[in-house]
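The values are calculated or read from the model by the stated rules, or taken from the named source; none is laboratory data. Here the structure is a predicted model, which is why all the values come from computation and not from measurement. All Cβ positions, even for glycine, are placed from backbone atoms using ideal geometry, and neighbour counts span all protein chains on display.
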Amino acid sequence: MLQQKIDQEIKAAMLSKNEARLRGLRAIKAAILLAKSEKGASENLTEETEIKVLQKLAKQRRESGDIYQAQNREDLYKIEMEELEVIEEFLPRQLSREEIAVYIKEVIERTGAASVKDMGKVMGAANKELAGKADGKTISELVKQLLS
């Protein structure tokens, strides 16, 4: 599914000589091939697994970008952000902080959570429902905030 789309995009990027896009697409292709070759993985990855792979790549680019920015390496920061932009094209639309908070409030009501002690119960349900649409760090921050 995703691999065929990436292959087509790589060909288009090669023809248009778009180096930044090509780098990002090749990173995605490499990560997908690595995920397929892992022990216990099937030949065809599920959409959920593909999203996890893309999220991992995006997170790596963000973290590297932060480090490069802190070290005043704008040249390397720019490369990471270009690749991140390409990776994010293939991820589902990310929810805003407010949208995530609304989801979490619903989960808290459903699970009957009352204090921070119930955070695990809420986090489990929230992570499952918001998979691919929000990062775990933001979910965790909001759950903690809303249960306090």
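Side notes on the structure shown:
- From the options G40, G65, residue that is at positive phi and either modelled with pLDDT under 90 or in contact with an Asp or Glu (Cβ under 7 Å, 6 or more places away or on another chain) (or both): G40
- Selection from region 19-74 of residues that are under 14 Å from the mean Cα position of the chain (by Cα) and of a type in the set (K, R): K52, K56, K59, R61, R62
- Test: residue in region 8-18 that is at pLDDT 90 or above, under 18 Å from the mean Cα position of the chain (by Cα) and surrounded by 19 or more Cβ atoms within 10 Å (Cβ to Cβ): no
- Which numbered condition E106 misses (of (1) touching a residue at least 12 places away in the same chain (Cβ under 8 Å); (2) within 17 Å of A131 (Cβ to Cβ)): (1)
- One residue stands out among those in region 1-25 that are assigned to a helix (DSSP H, G or I) and out of contact with any helix residue (DSSP H, G or I) (no Cβ under 7 Å at 6 or more places or on another chain): the one that is farthest from L91 (Cα to Cα), which is L15.
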